[in-house]
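Engineer: Dropping a structure here in C-alpha cells format, bear with me for questions.
The values are calculated or read from the model by the stated rules, or taken from the named source; none is laboratory data. These numbers come from a predicted model, not from an experiment. Glycine also receives a Cβ, built like all others from the backbone with ideal geometry; neighbour counts cover every protein chain displayed.
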Amino acid sequence: MPVLAVLLSLQSSFARLGETIIPAPRADRPRTDTAADVVVVTAEQLAATNERSLPRQLAKAAGVWVQETNLGGGAPLLQGLSGAQILLVVDGVRMNDATTRNGVNQMLNGIDPAAVERVEVIRGPRSVLYGSDALGGVILVWTKRARPHGGEGLELSAAWDAQYATPTNGYATAVELAGATGGFGAFIAGSWHEWNELQTAEGELPNTGYSGGGTFGSVETLLGARSSLRATASWTRDVDVPRTDRLNPGFGQTNPSNAEFLYAAQDRRRYVLTYDDRSAGPLADQVQVRGSLREYTEERRLRAFGSSTRRFEVDETSTVGLSVDLKKALGTRHLLTYGFDVDHDDVDASRTNRNVNTGVTTPAPGAFAPGSRYTTAGFFAQDEILLDGFDLTLGARYSHSFFGFEDPAGDESGDFGALSGSLALGREIAPDVRVVGTLARGFRAPNLAELARNATFASGEELRNPDLEPETSLYGELALERSGADWSGAVALFAQRIEDAVGRVLIDPGAPGPGDEVFLRRNIGWLELVGLQARGRLALGGVDSPWSASAGIEWIYGRQDDEYTDPDSGEQPFADQPAQRIPPLHGFVALRHERAAGWIDWVELTTNWAFSQHRLAPQDLEDPRIDPDGTDGWVTLDLDVGGPIGGEGSASSWSVGLHNLLDASYRVHGSGVDGPGIGLVVGLRIAR
C-alpha cells in the first residue's frame, strides 16, 4: 500500500466523529484520548454563550472552571492547576513565555474572540508534545482563516458582530472581511470592547470597567498540490484594567491594599509564519514548520494605600520561536509524530517613582533584573500503535532550558534538563464502550517570573530566587468512555503528585501590621491532586429528536506538604495542609432544543453550580480574595436563545441571553470579583 494511503487510512482509524481538520500534526488526537479529557468548542458555540470574553465563553461552553481576579482577567483551572502550570497554544505556537506568572493571570483574556475558530481544552499533563507548563493541561486555540478554494473566481464575504450586556452596561463589536481565489486566501478582523462597572446582585462593584480592542489578519497561499504557506499577524490591547481585588477592601481588610493599581496597557503582538507540506517523503508524510515573533508589553501604575509614591512599571518581552512537526506512517500499525521546538525570550523592565505631593520623579529598578533572558528547547516523539484489540500511545521528550540575568552581586545563570514520557493503553470492552489507562511524567521549569523578578505581593514584596528547581510530576488516569448516537459520555479518575512545587514563604514579617512583609519564592515540597471528571450528552426522545441534555461534573481533592519551618514561630505552616485555590465540587446541566420554528433556531437552558469550599490552604487564609470562613455554594440559571435573520440558512443571526435569572449573589472560589447579577445580553451578526 502506498505510504500516503497508509497515512490516510491510519488517520481515518484515529478520527473522531465530527472532528475537523487539525492544522498542526502534533495536535492530532490519538484514540487513547477520551471525551473526559478533551472538549472541543467552535466559534459558533462560544458566541452562543452570550458571554463577553473568551475566558467566560470557555467556562460556559466547555465547562471549564475559571477564576477572575478582575474583569480583564479570567484564568482557567484544569485539574486544580492554573497560571504557568496550564499551557496556552495559539495556532501551534506557545502563548506562555518566560514572564508568565504562576497562579491566576489574564493571559487567556489576551486572545480576541473575533479571531477564534475553535478551542480545544485538553486536561492532564501533555509535557511530551508541548514541553514545560503543561502539567494541568493544554488549551489549544485555532484562529480563523480563508482557505484557497482550488477553483475558479473570487469568493468574498463580510460580517459585523455586536453585543450589548446590561451587567456591565458595555458592548463589544467586530468586523470581518474574507476573500479567496483558487490559490490564495485572506482574512482580517478588527474588534473593540468597552465594559463599565460590573453590576452584581449586591449592587455596583467599583474598579471593574476597562476597554480594549484588537486586529487579526491571515493570508494563505498554495505552493503546490499538497503544500501551503500561511502568515498571521495579531494585536490585542487592553487599557486601564483595574486590579479590582487590590483596589477594593477584601476579606480581613478595612482598607484596600492599593490606592492605585491599573494595568495601563496590556499589549500583545504575534507574527507567525507556517509552512505545511503533506507530500510523502523518506522522513515524513506530513511536515509543518512554524516560525514566530511574539511581543508583550505590560504597563502598570501602582500606589500602595497611604503611600505618596506612585510607581510606573513597564515590562517588555520579546520571544522568537521555531517549531517543527513531522508525521510518518510506519507500516499499517504505527503513526509516528516527532519534532522539536525552541524559544528564546528577552525581557526589558523599567520603573520610575513619582511623589504625588511634590511631583519629583526618580528612576528605580524594574521588576525583572537587567539582561533577563531565557531559552528553552525540546525534542519529542510519539508513536500511536494499533494492536489486536488495543490502542497504544507511547511518547517521550527531552527538554532543556537556560536562563541568565545581571545581578549586583554578579551575573546569574543556570539551566534545567528534564525527560518526560507518557503511556496510554485503550481497549474496547463492549460495543461503543472503551476503557483507557494513562501514565505520564510531566515537568515545569521555573521561568523568569520566578527566577529573576522582584514583585509586589499581597501587601509586601516577593523576591526572586535563581536557585529554584523544576517541578516534576507523576500522573495516572483511568477513563471509561461511551460513544453512541443516542447518548455519549465519559468519566475519569485521576491522580497527580508534583514534586518541588514552587511557592513562596515569609522571610521577614517587617513591622507590626501589613505593608512591609518580604516573601521568597522557593520549592515548598510536594503537591498531591486526586479527582474525578465526567461529562455526557443524551438525545431526549431518540436520535432524531430536537431535544438534548448535557451535563458535566468535576471534583478535586488537593494536599500539600513541606518541612519548611517558620523562623519566628517555629511552626511548619505547610505540613500536610490543603492545596491552594482548589475548586469545590462543581458542574453544569444544560437542556437544549434545536430546529425550532421561524426565527428561533435554538433554545438552551443552563444551570451552573458549585458546592461550598471550606478546605483552605494557609495561602488561601492570607488571600483577601477568599473568605477565611470559606466560599459559599451557589447556583445560576441562564436562558439563551438565537436564530437566523432572513430565513433558514442565512449567515446572519441574532441571540439573546437572560443570565443569572435567580439574581444569585455568588463568587467563584478564588476570584477577586463577585459574579454578575441578573442581566440581559443581546447579540447580532450581519453576514453575507
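Engineer: Checking D508 against (1) over 19 Å from E461 (Cα atoms); (2) without any contact (Cβ under 8 Å) to a residue 60 or more places away in the chain; (3) of a type in the set (D, E): exactly one of these is not met. Which one?
Structural biologist: The single condition D508 does not satisfy is (1).
Engineer: In region 591-603, is there at least one residue being within 27 Å of G670 (Cβ to Cβ) and buried (at least 19 other Cβ atoms within 10 Å of the Cβ)?
Structural biologist: No, the conditions are met nowhere in region 591-603.
Engineer: Report, ordered by the first and then the second residue, all pairs with beta carbons closer than 6 Å, sequence separation of six or more or different chains, a first member in region 533-551 that is crowded, with 17+ Cβ neighbours inside 10 Å, and a second member that is hydroxyl-bearing (S, T, Y) and not in a strand (DSSP E or B).
Structural biologist: A539/S545
Engineer: Keeping to region 107-144, report how many residues are surrounded by fewer than 22 Cβ atoms within 10 Å (Cβ to Cβ) and assigned to a loop (DSSP other than H, G, I, E, B).
Structural biologist: Residues flagged as surrounded by fewer than 22 Cβ atoms within 10 Å (Cβ to Cβ) and assigned to a loop (DSSP other than H, G, I, E, B) within region 107-144 amount to 1.
Engineer: Here are the criteria: (1) within 20 Å of G131 (Cβ to Cβ); (2) acidic (D, E); (3) part of a loop (DSSP other than H, G, I, E, B). Tell me which single one E384 does not satisfy.
Structural biologist: Looking at each condition in turn, E384 falls short on (3).
Engineer: May I pose another question? Could you please give the count of residues in region 83-99 that are closer than 19 Å to I498 by Cα and buried (at least 23 other Cβ atoms within 10 Å of the Cβ)?
Structural biologist: Matching residues across region 83-99 total 4.
Engineer: Additional query: When region 321-371 is examined, which residues are found to be crowded, with 16+ Cβ neighbours inside 10 Å, within 30 Å of P282 (Cβ to Cβ) and among the β-branched types (V, I, T)?
Structural biologist: V324, T337 - these are the residues of region 321-371 that are crowded, with 16+ Cβ neighbours inside 10 Å, within 30 Å of P282 (Cβ to Cβ) and among the β-branched types (V, I, T).
Engineer: Let me ask something else. Looking at (1) part of a loop (DSSP other than H, G, I, E, B); (2) closer than 26 Å to G649 by Cβ, which one does S550 not meet, given that it meets all the others?
Structural biologist: In the conditions (1) part of a loop (DSSP other than H, G, I, E, B); (2) closer than 26 Å to G649 by Cβ, S550 misses (1) alone.
Engineer: Of V668, V673, V635, which residue is over 30 Å from R497 (Cα atoms), within 25 Å of the chain's Cα centre (by Cα) and assigned to a loop (DSSP other than H, G, I, E, B)?
Structural biologist: After applying the criteria, what remains is V673.
Engineer: If you go through region 268-290 one residue at a time, how many are closer than 18 Å to F216 by Cβ and either out of contact with any Ser or Thr (no Cβ under 8 Å at 6 or more places or on another chain) or surrounded by 20 or more Cβ atoms within 10 Å (Cβ to Cβ) (or both)?
Structural biologist: Total satisfying the criteria: 5.
Engineer: Which one of R226, R243, R269 is basic (K, R), on the phi < 0 side of the Ramachandran plot and out of contact with any strand residue (DSSP E or B) (no Cβ under 6 Å at 6 or more places or on another chain)?
Structural biologist: After ruling out the rest, the residue left standing is R226.
Engineer: Is at least one residue of region 240-253 surrounded by 19 or more Cβ atoms within 10 Å (Cβ to Cβ), modelled with pLDDT of 95 or more and part of a strand (DSSP E or B)?
Structural biologist: Yes - at least one qualifying residue is present in region 240-253.
Engineer: Under 6 Å by Cβ, and 6 or more places apart or on different chains, what pairs join a residue from region 373-392 that is at negative phi with one that is charged (D, E, K, R) and in a strand (DSSP E or B)?
Structural biologist: Short answer, once both residue conditions are applied: R373/D346; Y374/D345; T376/D343; G378/D341; G378/R397; F380/R397; F390/R427.
Engineer: Is it true that some residue in region 45-52 is surrounded by fewer than 24 Cβ atoms within 10 Å (Cβ to Cβ), touching a helix residue (DSSP H, G or I) at 6+ places or on another chain (Cβ under 6 Å) and farther than 23 Å from W609 by Cα?
Structural biologist: no
Engineer: From the list I524, I507, which one is under 30 Å from P256 (Cα atoms), surrounded by fewer than 19 Cβ atoms within 10 Å (Cβ to Cβ) and not charged (D, E, K, R)?
Structural biologist: Step by step, each of I524, I507 is checked, and only I507 is under 30 Å from P256 (Cα atoms), surrounded by fewer than 19 Cβ atoms within 10 Å (Cβ to Cβ) and not charged (D, E, K, R).
Engineer: Continuing with this model, one more query. Can you name the residue in region 300-326 that is over 26 Å from the mean Cα position of the chain (by Cα) and assigned to a strand (DSSP E or B) and, of all such residues, is farthest from S401 (Cα to Cα)?
Structural biologist: Step by step, filter region 300-326, then rank; the result is T309.
Engineer: Out of L247, L205, L223, which single residue is among the aliphatic types (A, V, I, L, M) and farther than 27 Å from E298 by Cβ?
Structural biologist: Within the list L247, L205, L223, the selection yields L223.
Engineer: Still on this structure, please answer the following. Filter region 152-181 down to residues that are out of contact with any Pro (no Cβ under 6 Å at 6 or more places or on another chain) and part of a loop (DSSP other than H, G, I, E, B) and give me whichever is surrounded by the most Cβ atoms within 10 Å (Cβ to Cβ).
Structural biologist: So the residue we want is T168.
Engineer: OK, next. With the structure loaded, tell me whether N109 is modelled with pLDDT under 95 and farther than 27 Å from L468 by Cβ or whether it fails that test.
Structural biologist: yes
Engineer: Let me ask another. Being assigned to a loop (DSSP other than H, G, I, E, B) and in contact with a Lys or Arg (Cβ under 7 Å, 6 or more places away or on another chain) is the filter here, so list the residues in region 83-95 that pass it.
Structural biologist: Hit for region 83-95 is G92, nothing else.
Engineer: When you look at G484, is it at pLDDT 95 or above and within 26 Å of A62 (Cβ to Cβ), yes or no?
Structural biologist: No.
Engineer: Go through G503, G531 for me and flag whichever is within 24 Å of P618 (Cα to Cα), under 23 Å from the mean Cα position of the chain (by Cα) and at pLDDT below 90.
Structural biologist: Just a single option satisfies the conditions, and that option is G503.
Engineer: Would you say F261 is in contact with a helix residue (DSSP H, G or I) (Cβ under 8 Å, 6 or more places away or on another chain) and assigned to a strand (DSSP E or B)?
Structural biologist: Judged against the criteria, F261 is a match.
Engineer: Of the residues in region 620-665, how many are touching a Pro at 6+ places or on another chain (Cβ under 8 Å) and charged (D, E, K, R)?
Structural biologist: Result for region 620-665: 1.
Engineer: Identify the residue in region 387-417 that is part of a strand (DSSP E or B) and more than 30 Å from the chain's Cα centre (by Cα) and, among all such residues, is surrounded by the most Cβ atoms within 10 Å (Cβ to Cβ).
Structural biologist: Going through the qualifying residues, I end up with E412.
Engineer: E120: modelled with pLDDT of 95 or more and not small (G, A, S), yes or no?
Structural biologist: Considered against the rule, which asks whether it is modelled with pLDDT of 95 or more and not small (G, A, S), E120 comes out as yes.
Engineer: Just to check your reading of the model, which residue among V320, V287, V324, V314 is of a type in the set (V, I, T) and touching a Gly at 6+ places or on another chain (Cβ under 7 Å)?
Structural biologist: V324
Engineer: Here's a follow-up. How many of the residues in region 568-619 are aromatic (F, W, Y) and assigned to a strand (DSSP E or B)?
Structural biologist: 3
Residues checked against (1) among the basic types (K, R); (2) closer than 30 Å to D325 by Cα:
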residue: V219; (1), (2): no, yes
residue: L222; (1), (2): no, yes
residue: R237; (1), (2): yes, no
residue: R243; (1), (2): yes, no
residue: R246; (1), (2): yes, no
residue: F261; (1), (2): no, no
residue: D277; (1), (2): no, yes
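Engineer: Report yes if some residue within region 448-462 is modelled with pLDDT of 95 or more, within 30 Å of G536 (Cα to Cα), of a type outside the set (V, I, T) and not in a loop (DSSP other than H, G, I, E, B); otherwise report no.
Structural biologist: no
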